[in-house]
Amino acid sequence: MLTVAVLISGAGSNLRALLDAAAEPGFPARIVVVGADRQADGFAHAEAFGIPTVLVPFREFETREEWGDELRRQIDVWTPDLVVLSGLMRLLPTALVDAWAPALINTHPAYLPEFPGAHGVRDALAAGVTETGASVIVVDGGVDSGPILAQERVPVLPGDTEHTLHERIKPVERRLLIDVVRAIAEGRTDLAAVAASAASDLP
Ligand code: GAR
């Protein structure tokens, strides 16, 4: 059984979908801890499932590195096989990425490498594209630049707002995330091999 830590900052609707999936008989992964950089509404989903929560408030640390060290210390207590960033709206310090990679994945509400960063949905709307998407990637040292594990297109419709477009993207993200976690747990996706292959493609 693959053990998973999930890190969030907000509502945690994707976390909720993963918790629901993991509660299904036969799902090959279970969530052992949910962490956040702030008092996130999504903690309520973890509590509903009796999953422990870890709050490491970013603003209480002098540096990103110190925050990352404490987050690592508290999450590593649960010895997760995989860490999922599911709406964590903070860049992880390099030392933390190095410690957890390649067993560190991220969901993103755009068709990477299009529209990386904190405002993937807003940026797609501002660019006037007719389709955007959702992606699940391995986290590397860049911003949403790691190897892509799964992605799917989502149409942008006339009259879309950031909210309506994001709400259309999220169900796709959830499906991709659940599929990716299942594939990792079943050994069909080998994150070390994916990361090594991406590194060998570098010039
Ligand atoms: C998700 O769409 C996730 O991809 C996005 O935040 C949302 C969290 O929603 N993350 C990023 O934009 C990271 N760059 P949720 O809290 O309801 O799951």
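None of the figures in this text is laboratory data; all of them are computed from the coordinates on show. Everything numeric in this text was worked out from a predicted model, so none of it was measured. Here the Cβ is made from the backbone with ideal geometry for all residues, glycine too, and neighbour counts use every protein chain on show.
Taking the alpha carbon gyration tensor of region 59-153, multiplying each eigenvalue by 5 and rooting it gives semi-axes of 27, 15, 10 Å, largest first. Of interest is the spacing of the C-alpha centroids, which for region 173-203 and region 67-116 amounts to 14 Å.
Residue exposure proxy: 31, 178, ordered by other Cβ atoms within 10 angstrom of their Cβ from fewest to most, comes out as 178, 31.
Just the ratio, please: alpha-carbon radius of gyration of the chain over 2.2 N^0.38 Å, N its number of residues.
0.98
In order along region 128-134, phi translates into HN-Hα couplings of x, 6, 9, 8, 10, x, 9 Hz, rounded to whole numbers, per the Karplus curve 6.51 cos²θ - 1.76 cosθ + 1.60 with θ = phi - 60° and x for Gly and Pro. Of the GluC sites (Glu not before Pro) in region 1-76, the ones in a loop by DSSP (not H, G, I, E or B) with at most 12 other beta carbons within 10 Å are 62. Dividing the summed -39500 (n - 2.57) terms of all DSSP H runs of n ≥ 4 by the residue count of the chain sets its mean residue ellipticity at 222 nm at -11500 deg cm²/dmol. With semi-axes defined as the square roots of five times the eigenvalues of the C-alpha gyration tensor, the equivalent ellipsoid of region 107-159 measures 20, 12, 7 Å, largest first. A viscosity of 1.567 mPa s and a temperature of 4 °C, combined with the Kirkwood radius over C-alpha pairs in the Stokes-Einstein formula, give region 158-201 a diffusion coefficient of 102 µm²/s.
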